[in-house]
1. What tally of residues in region A:236-259 results from selecting those that are more than 8 Å from every other protein chain (Cβ to nearest Cβ) and among the polar types (S, T, N, Q)?
2. For region B:241-254, does any single residue satisfy the condition of being surrounded by 19 or more Cβ atoms within 10 Å (Cβ to Cβ) and among the acidic types (Asp, Glu)?
3. When you look at A:Ala229, is it closer than 27 Å to B:Met64 by Cα and either at pLDDT 90 or above or not assigned by the TED database to the domain that holds A:Thr100 (or both), yes or no?
4. Please specify each residue of region B:171-186 satisfying the condition of being in contact with an Asp or Glu (Cβ under 9 Å, 6 or more places away or on another chain) and hydrophobic (A, V, I, L, M, F, W, C).
5. Can you tell me which of (1) more than 22 Å from A:Leu270 (Cα to Cα); (2) within 12 Å of chain A (Cβ to nearest Cβ) is the one B:Trp62 doesn't meet?
6. Take A:Leu92 and decide whether it is in contact (Cβ under 8 Å) with a residue 40 or more places away in the chain and not acidic (Asp, Glu).
7. From B:Thr330, B:Thr319, grab the single residue that is within 20 Å of the chain's Cα centre (by Cα), surrounded by 14 or more Cβ atoms within 10 Å (Cβ to Cβ), more than 30 Å from B:Gly151 (Cα to Cα) and of a type outside the set (Gly, Ala, Ser).
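The values are calculated or read from the model by the stated rules, or taken from the named source; none is laboratory data. Just so we're clear, the structure is a prediction, and the values are computed from it rather than from any experiment. Here Cβ is always computed from backbone atoms with ideal geometry, including for glycine, and neighbour counts include all displayed protein chains. Each accessible area value is taken on the protein alone, full model and side chains, heavy atoms only, with ligands, DNA and RNA left out. Shrake-Rupley method; radii C 1.70, N 1.55, O 1.52, S 1.80 Å.
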Amino acid sequence: MTVLHRLACLVLTAGGLLLAWASPAAAHAGGLVATDARSHVVALSPAVPGLEVTAIEDGARLRLRNHTTVPVGVPTGGGAATPAVVAAGQKLTWIDTRSTPEGRSLGAGATQAWSIVLDVGGTPVTVTGELVGARPPSPVPWWLAAVLLAVAVPLVARRSRRPGDLLAATGLVAMAASITHVAGSTLAVESAPMAGTFLSAAGINLLAWPLILGGAVTVFRGRPAGVLAVCAGAALTAVFVLPDVTSFHRAVLPFAGPAVVERILVVLALGTGIGVAVAGASVLRTLALRAGAEVR
Amino acid sequence: MTPSSFSARERWVLLVASAWLVSGLQLDAYAHATTPELETFWTPWHGVLYSGIAVSGLTLVWLMRPRLPVIPTYRTLLALPNALRVPMIGMALLLVGGGVDTLWHNVFGIEQGLEIFVSPSHEFIILGMVLVAAGPALMLATVPGDRLSPGDATLATISALLSALPLHIYSLHASALGSTFFGDGRDPVRIFSTDAQSVHGYLFSTVLLLVPILLIGRRWHLPIGVPTLLVGLPAILMHLMFTTDDGWWMSLTVAGAAAGAELVLRLGAHFLRLPAEAGWFLIGLLAPPLVWGTVLIVASRIEGVGWNVHMVSGLLTLTAFTGAATTLVTRNVRPAPAATPQAVPEEVRTGVPAS
């Protein structure tokens, strides 16, 4: 076993242990995460004309619109954003640890009540809400699909007569899945400007996508050197979709569309990304050998 | 140009890129240390940090491109000269660490306090930064000769500083530069205590401050002032990030003591004319107690030192031993000679594997 093989085994084992021991998600600053529950506001007691409190993004955040004539105080105890005062005519959108489903472990269909007492011009107003547990999927099929893809790509590439083209095309699939996944995640966010959210969700993919696209175009123009760029971009795509493998384990996904579509996109980005990166070793060697033979 | 030689322009471009990267870390650490409840991802500090990663990555691609064959393979990538291979591995660690870090946060939540400094994904990121920032000095080391021009000395010093700084920041929990604590006066001192933690801080900081100086000194004649800069600047920058409430005296004392120690040791070496290795051993043995001893003397006048004679003398002796051991290891551990030096360059040149 070579050093690289040993390292790969170590990484895989560590990754397996990590995922096997994964506990429910805790709050993550600056972004939505997959959870196992939804949260919503049930009532304001007493109701105040002009005061509106809603749960958005499956309950990850609360939004308070103050159309009354007095300031509204949100009490301390809800995390970094509280205490807060919302002036008349203003609104506040925040993650409140008292109402968010992040880090909550509820059984499917189980409910858990929550409440926050606001100060509306000196009058206490209780916001009551409810967390409702959702059934998470079985993660096994999704992981299996990702592994199968990661194994299949190098095997197919090995038998292909034009392995460079195959890797370029597969890299484009990983890129398309990644872009759709990022766009879907962006559209699920209501509380932040879309352009900034897209950039935040894309992250290092902003480097990976041009690498794959540029590499693929180069390959299709008959210059196999582009395969390396495709492989590098695919590897980055796989690494940067890793945070979203939680979608295999959680029920409520921060994605504007059916959860099954999000899981398929993650499988495609992860499986084909790893597959292309792994296949690159033998494909590039084959292409270099062919080029060497042509030169001789 | 051969694959293993680098132009001055290439060295300086990577230096600027890695300075961008490490400045991002420094600014981010400063923001987190001084702005409580910094929750959003969209901060100017993150902007510098993440753009620094992108700029460093693109710079490495730019540096690798002319050194790879027409059809590069993974083996030709791994066969690049160390000056490129080391920062390339650093960039890979940075990117993998970044991806794993977000997964880590999604699964286990965001680290707080000490967790930040021991989180595995953060370790990947810090190690990656260190290796990327070492690139310019490694590129310079490929140039023959053991004398540095002023420009090259500047480059090597900044590169060493940028490599060491993330480690100073990351070892804040065991750093003598990250706090101004000199004992709470308990007698006897409890074994598990802040006082005990401080002892570790002096030892770890001694190693971190010495290693860059020793590595530069192993390859080149050490230019005058470089050791002072490599000790003084981290002290000042750590002060700016973490101890601004405690006044400037300690970081300035460390910088001044480093200058004094360099002067004394250089004069001593001039008059004693010791063999090089004996001279380096003495530097390792004497420089740490000189610097930390000065700090303790100044501290006793400004803030008061709560440690008794056992603690102070033992601490300084321990820093002397630590410095001497660090010197012996750093000066003497060398890579084994390559078994088949011709096999790899052929493949790098043609891009065609031997098999």
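1. Qualifying residue count for the region: 2.
2. No, region B:241-254 contains no residue that is surrounded by 19 or more Cβ atoms within 10 Å (Cβ to Cβ) and among the acidic types (Asp, Glu).
3. Against the criterion (closer than 27 Å to B:Met64 by Cα and either at pLDDT 90 or above or not assigned by the TED database to the domain that holds A:Thr100 (or both)), A:Ala229 qualifies.
4. Those that are in contact with an Asp or Glu (Cβ under 9 Å, 6 or more places away or on another chain) and hydrophobic (A, V, I, L, M, F, W, C): B:Phe181, B:Phe182.
5. All conditions pass for B:Trp62, except number (2).
6. It is false that A:Leu92 is in contact (Cβ under 8 Å) with a residue 40 or more places away in the chain and not acidic (Asp, Glu).
7. B:Thr319
Residue by residue, here is whether (1) free of Cβ contacts under 8 Å to residues at least 12 places away in the same chain; (2) farther than 30 Å from A:Phe248 by Cβ; (3) among the hydrophobic types (A, V, I, L, M, F, W, C) holds:
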site	(1), (2), (3)
B:Pro44	no, yes, no
B:Val48	no, yes, yes
B:Ser51	no, yes, no
B:Leu77	no, yes, yes
B:Met91	no, no, yes
B:Val100	no, no, yes
B:Val130	no, yes, yes
